[in-house]
Number of protein chains: 2
Amino acid sequence: MVTIKDVAREAGVSIATVSRVFNNVGPVDEETRRRVRQVARQLKYVPSALGRSLSTKKTDAIGLLLPDLFGEFFSEVLRGSDQTAQQAHYHLVVSSSHNNREAIEAALRMMRGRVDGLVIMSPHIDAETLNENLPHSLPVVLLNCYVQSDKFDALNIDNYGGAFAMTQHLLSHGHRRVAIIKGTEHNFDAAERLRGYRDAMRQFGGELDDRLELPGLFSESSGYDAAKRLLAISPRPTAVFASNDSMAIGALSALRDEGIQVPEQIALAGFDDVPIASFLTPTLSSVQVGIHQLGVKAIETLLHAVRHKNTHRKQQVVLPTKLSLRESCGCTNSTSTIS
Amino acid sequence: MVTIKDVAREAGVSIATVSRVFNNVGPVDEETRRRVRQVARQLKYVPSALGRSLSTKKTDAIGLLLPDLFGEFFSEVLRGSDQTAQQAHYHLVVSSSHNNREAIEAALRMMRGRVDGLVIMSPHIDAETLNENLPHSLPVVLLNCYVQSDKFDALNIDNYGGAFAMTQHLLSHGHRRVAIIKGTEHNFDAAERLRGYRDAMRQFGGELDDRLELPGLFSESSGYDAAKRLLAISPRPTAVFASNDSMAIGALSALRDEGIQVPEQIALAGFDDVPIASFLTPTLSSVQVGIHQLGVKAIETLLHAVRHKNTHRKQQVVLPTKLSLRESCGCTNSTSTIS
DNA sequence: GCTGTTTCTGTAAACGTTTACACAGGTCCT
DNA sequence: AGGACCTGTGTAAACGTTTACAGAAACAGC
């Protein structure tokens, strides 16, 4: 591995000069600069990121802590994040699937010193765990975390509002028995979406019935199972709100297997509005959250915090949702969007 | 930021001793060990990954270079990779969306020195670019790259065989006019799948007709467009092989919009067998490649190369495919798999 | 009591950079 | 001529570790 010393020796200058050339800093004679560059190219010298980081205390990396990255949702978040990071000449250290507190702490420690900032998207994390395991100086952006602290930047999807609006929409079309397929237990998103559903049901004349709330795990197969069970309920619900699109897709599959027409016999809606939603049969109505933008915004916020450490003001932002109404909820023939 | 020196001072020992304690190496008095640990915990000391890496020349990181990570395919590869890496206490540095040679080189240089090994999944990369931009000592695994060199470990999907088998399958059910929706131009996977399709068409009595080969971009919307154009061909093809599942999903949507029954009027098959395939309407027949396993295998191979640098033998492996036959190709009512 | 071995610990160099500081030589003003 | 100020360069410390080497203490064998 060729180092700055090799270049310096070969070019007949000191390492300081080589460093100056590569960082475009301080005055260097044009002729010297040329010679150093020439030698460097010839030796295929690439400055060591490690040495540099150790000296400057910057890593040009940002960490991304994700839960289980099933399905299209996380793939979209990641895509948005990576694009934004890359444009800013940062790169991404990704770590996923942290279910228990133990695993999260290990991941947090691993990131420590390796990254200039951290985006954390983890349903089960608390302010204490963060404070315990992170240096206070490390910028952090929380994505959809249930941490009510103004010590951190936070970006949250309006889970409650979106679920409320979609449920209200279903009710407004005459449905009374609207079922919900819930998300993973103890999951913040799941809880908020459920709350939105319940409040809308109460306010707009939905029939309140515990049996209409079916358990789910945010996966296609759990949506499939839930839909099957739902058909056994009597009287049968006339509409179903799935807490995410994966489960809606599973439900759609189950209903089709049972010969139930969507939306004619049962209306269906999801949450997330993944790209594939508009290509399903029938096209899936969903709560649009701008997944890609979520990734973009997270990185942008983090980079601002990293670059303007002293002036940066921490913010807790709730991102609004829209309804993407398509065929599956039965209210329209063409796609439309409602804010 | 608290360093090894702080711990050493506070515990009344030298930094060497602290280091020994944290690495469980060399003899250290039990009492000393206890005290050092105690002080470290109290000070919340975490060894600096940077300092450590600089000294040991290991980073405990592996790089993952991906193309545009659209859709479920890459999300699955990434999931497999991350799980495997994490189990081995490595973490992943991810970089995606490298279209031109320029961007790839930049990404390669960025990775340099930051990772112990590299998994590269890039349709348009050549051996020369790799040799130019990477130290020869860095272990590399190529995933689905069109690089015919035994200087690198390589994992390739049997694109040709899978496409051949699926086309043959469609032909075996009486179809003569089987169309293909091609993948991105100059893409290795796309080319190989096309080759498999053509050879099968020739060998098993397909009707050869240039118009049956429609351009596509591996995206849902390009599949949608291709299917629409396909309907204008006369006589109309009776079966369509999409070069990946995303395009098959787009095609399915287009056919439905035009009121064409799948598989009754037109049979359809995809490639990749993404998890969602079995939840579509109709369920999608596809070429199964074990995406998750692809990620797992790649990391496993790389880790072997990293850990047994001297004894490791480079291998070029072609992963076999299976046919996942479901409803969309019209040959069966229930799911079945053919090797 | 000497030598040899074992156990524990410290000193210092090395890893590859950046950067504060010093200094030499030149130019420009007064 | 003497100072003030540039330009170009080198020296050396710093960043946080690991580790080869050396040395001190204790203890056994003779």
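No lab work stands behind these numbers, since they all come straight from the coordinates. All values reported here derive from a predicted model rather than from experimental measurement. Counting neighbours? That spans all protein chains shown, and the Cβs are built from the backbone with ideal geometry, glycine included.
Some notes on this structure:
- Positions within segment B:17-39 being loosely packed, with under 10 Cβ neighbours inside 10 Å and near DNA strand C (Cβ under 10 Å from one of its atoms), in sequence order: B:25, B:27, B:30, B:31
- Positions within segment A:1-22 being closer than 27 Å to residue B:136 by Cβ and either among the hydrophobic types (A, V, I, L, M, F, W, C) or within 43 Å of the chain's Cα centre (by Cα) (or both), in sequence order: A:1, A:2, A:3, A:4, A:7, A:8, A:11, A:15, A:18, A:19, A:21, A:22
- Any strands (runs of 3 or more DSSP E) falling wholly within segment A:231-339 and containing at least 1 residues that are buried (at least 24 other Cβ atoms within 10 Å of the Cβ) and touching a His at 6+ places or on another chain (Cβ under 9 Å): A:239-242, A:267-272, A:285-288
- Residue within segment B:114-134 that is in contact with a Pro (Cβ under 8 Å, 6 or more places away or on another chain) and within 10 Å of another protein chain (Cβ to nearest Cβ) present: no
- Unmet criterion (only one of (1) within 11 Å of chain B (Cβ to nearest Cβ); (2) more than 16 Å from DNA strand C (Cβ to nearest atom)) for residue A:151: (1)
- Taking segment A:189-230 as the range and being of a type in the set (Phe, Trp, Tyr), crowded, with 20+ Cβ neighbours inside 10 Å and away from every other protein chain (no Cβ under 14 Å) as the test, only A:197 passes.
- Positions within segment A:78-106 being of a type in the set (A, V, I, L, M, F, W, C) and either out of contact with any Leu (no Cβ under 6 Å at 6 or more places or on another chain) or within 16 Å of DNA strand C (Cβ to nearest atom) (or both), in sequence order: A:78, A:93, A:103, A:104, A:106
- In a residue-by-residue description of segment A:89-98, the property of being over 22 Å from residue B:111 (Cα atoms) and not in a loop (DSSP other than H, G, I, E, B) applies to no position.
- Flag if residue A:180 is over 30 Å from residue A:113 (Cβ atoms) and assigned to a strand (DSSP E or B): yes
- Residues that are within 13 Å of another protein chain (Cβ to nearest Cβ) and either part of a helix (DSSP H, G or I) or away from DNA strand D (no atom under 12 Å from the Cβ) (or both) within segment B:1-21 comprise just one, B:4.
- Annotation: of all residues in segment B:53-64 being surrounded by fewer than 19 Cβ atoms within 10 Å (Cβ to Cβ) and under 14 Å from residue A:114 (Cα atoms), the one that is farthest from the other protein chains (Cβ to nearest Cβ) is B:58.
- So residue B:130, is it part of a helix (DSSP H, G or I), of a type outside the set (Lys, Arg) and surrounded by 20 or more Cβ atoms within 10 Å (Cβ to Cβ): yes
- Residues of segment B:90-111 classified as closer than 16 Å to residue B:152 by Cβ and either surrounded by fewer than 20 Cβ atoms within 10 Å (Cβ to Cβ) or away from chain A (no Cβ under 12 Å) (or both), total: 1
- A Cβ distance below 9 Å, combined with a sequence gap of six or more or placement on separate chains, defines the contacts here; from segment A:26-38, residues that are more than 17 Å from residue A:4 (Cα to Cα) reach residues that are among the aliphatic types (A, V, I, L, M) and within 14 Å of DNA strand C (Cβ to nearest atom) in the pairs A:26/A:16.
- Breaking point among (1) part of a loop (DSSP other than H, G, I, E, B); (2) more than 12 Å from DNA strand D (Cβ to nearest atom), for residue A:26: (2)
- Answer from A:47, A:67 - the residue that is away from chain B (no Cβ under 11 Å), in contact with a Phe, Trp or Tyr (Cβ under 9 Å, 6 or more places away or on another chain) and not in a helix (DSSP H, G or I): A:67
- No other residue among A:42, A:83, A:87 is within 14 Å of another protein chain (Cβ to nearest Cβ), surrounded by fewer than 20 Cβ atoms within 10 Å (Cβ to Cβ), touching a residue at least 60 places away in the same chain (Cβ under 8 Å) and not small (Gly, Ala, Ser) apart from A:83.
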